[in-house]
Amino acid sequence: CALEGGRCFQCFDGMYINSASQVCDGEIDCYDLTDECLCENKTICNDVLGDSRERCGVNKLLCYGVKVKACDGISECLNREDECDRTCANQTHFCSVDIACHKKLFFLVDNRYCDGKPSNIKGCPFGFDETNCTNRFYCTNDSLENISKKRVCNGWIDCSNGEDEAMKRCNSTRFYCLNKGVPLSVGIPRVENGIKECSDGSDECPPNSNRTSLFSNAFEMIGNPFLLAMFWIMGIFAIFGNIVMFIGSVKKFKASTKPLTSCSLWFVINLSIAGFLMGIYLIAIAIKAAEFSKLYCYFDTDWRTSDTCDFLGALVLISCEATAFMMTITTTFRLITILKPFKARSVKPAWSWVATIAAWCFAIILGITPTFNTSSGYFVTAIWFPNHFYAAQSISKSNFEQLAYKRLSLDQNNSHFKRPTT
């Protein structure tokens, strides 16, 4: 069972690895309770630990004794009194078998009755412990091979004939991975939840997906063909147009002898650089859209959380801010030349250099600041956190803080919890 890709869940204490379907299913499978106590539904956790701080002190656990359920078809007492007593209205199938068979079985194996392993005890009917198991799924009608009903339609083939995962049986509740690999299928509610549970990731890109966003759909990063074409056209014109503008302005700037003209050309040079950065951004996005074409939903989350996406986001922000600052400086300069035309003729180019350098510094700071991993999380409203505890993989900042607090509380409790030894 592979942990990568979210197909399995490892208890935080490292003792067990369980199927993802066993997380938040209402039954505790980890000794440290981490498969149930970090979930949105806190009912099971509160039954064991109590209502958190109100009922339990620090490092305290609320425990209760284990009870045997009578008349459920599973004998857990040495003398079978929990199943073969007169109080059971319908005594189970093995009550007619010699008690000696039961006692031998009781000491030979742990799970005893209805564990999917027919016993072959001398002097006892073969497989007497695996007949008429009402809470089990029989792989064939004429076989004693059986599994827990919870393992039917769970995406993993347990029956030798694969009947427990047959499409005709599970199609209404399961999505079958396109490559028919391992797992064979995932639960429909877990399709497009942000975690690639199929080995080929097809559960995040089903053929009938209708997932859309402002610009994207399930299969295209830029869903509108006209908008995609404009990205290419505007990007090409922005790159080559600004290169031509930059070269021409630099030549004129070198040849200029008038301060007023030099300042104007200097502003144009800086505007062409900012426009060139925008062209780089547009072409880069268009290239990525072509790379992900027809398959975007396979790469959506990885792309949006990648360093490349962060870099391009910072680049376009720097370009926009720098352009806005340069336009403001240029407008201010022109206003001064109108109000004081004679003084403007003798203006020193140095002040324009200082103004543009300051503009670039502010633009770069504004562009890269959101990419910093600040401890305050000031720029963070939600966190993409692939997990088995929440239905959505995008968790709000406040919910993530609560999850971290519960994890810390469990760690403190588990440090004082003596684990059973085997």
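The values are calculated or read from the model by the stated rules, or taken from the named source; none is laboratory data. In this text, all values refer to a predicted model and were calculated from it rather than measured experimentally. Here the Cβ positions follow ideal geometry from the backbone for every residue, glycine too, while neighbour counts run over all protein chains shown.
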Of (1) closer than 22 Å to Asp300 by Cα; (2) in contact (Cβ under 8 Å) with a residue 40 or more places away in the chain, Gly155 satisfies every one except (1)
Options Ile338, Ile329: the member that is free of Cβ contacts under 8 Å to residues at least 12 places away in the same chain, in a helix (DSSP H, G or I) and not aromatic (Phe, Trp, Tyr) = Ile338
Hey, could you check the range 282-327 for residues that are under 24 Å from the mean Cα position of the chain (by Cα) and of a type in the set (S, T, N, Q) and say which is modelled with the highest pLDDT?
-> Thr308
Just checking, which of Asn161, Asn132 is over 31 Å from the mean Cα position of the chain (by Cα) and over 30 Å from Cys95 (Cα atoms)?
-> Asn161
Please identify the pairs in which a residue from the range 296-308 that is free of Cβ contacts under 8 Å to residues at least 60 places away in the same chain and farther than 20 Å from Ile280 by Cα has its Cβ atom under 8 Å from the Cβ atom of a residue that is of a type outside the set (Lys, Arg) and surrounded by 14 or more Cβ atoms within 10 Å (Cβ to Cβ), counting only partners at least 6 apart or on another chain.
-> Phe299/Phe292
Yes/no for Asp300 being surrounded by fewer than 14 Cβ atoms within 10 Å (Cβ to Cβ) and farther than 29 Å from Ser264 by Cβ = no
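Given the criteria charged (D, E, K, R) and either within 25 Å of Ile338 (Cα to Cα) or surrounded by fewer than 18 Cβ atoms within 10 Å (Cβ to Cβ) (or both), does Lys252 qualify? Lay out the reasoning, then the answer.
Details: charged (D, E, K, R): yes; either within 25 Å of Ile338 (Cα to Cα) or surrounded by fewer than 18 Cβ atoms within 10 Å (Cβ to Cβ) (or both): yes.
Criteria met by Lys252.
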Scanning the range 138-152 for residues that are free of Cβ contacts under 8 Å to residues at least 24 places away in the same chain and β-branched (Val, Ile, Thr) gives Thr140, Val152
Which number in (1) of a type outside the set (Phe, Trp, Tyr); (2) in contact with a helix residue (DSSP H, G or I) (Cβ under 9 Å, 6 or more places away or on another chain); (3) at pLDDT 85 or above marks the one condition that Lys348 misses?
-> (3)
All but one of (1) touching a residue at least 60 places away in the same chain (Cβ under 8 Å); (2) under 30 Å from Asn210 (Cβ atoms) hold for Leu184, so report the exception by its number.
-> (1)
Could you please give the count of residues in the range 247-291 that are in a loop (DSSP other than H, G, I, E, B) and touching a helix residue (DSSP H, G or I) at 6+ places or on another chain (Cβ under 7 Å)?
-> 1
May I ask you to list pairs of residues, at least six apart or on different chains, whose Cβ atoms are under 9 Å apart, with the first in the range 269-290 being more than 12 Å from Met234 (Cβ to Cβ) and the second being among the charged types (D, E, K, R)?
-> Ala274/Glu321; Ala289/Glu220
Just to be sure, is Cys88 outside any helix (DSSP H, G or I), modelled with pLDDT under 85 and under 26 Å from Gln22 (Cα atoms)?
-> no
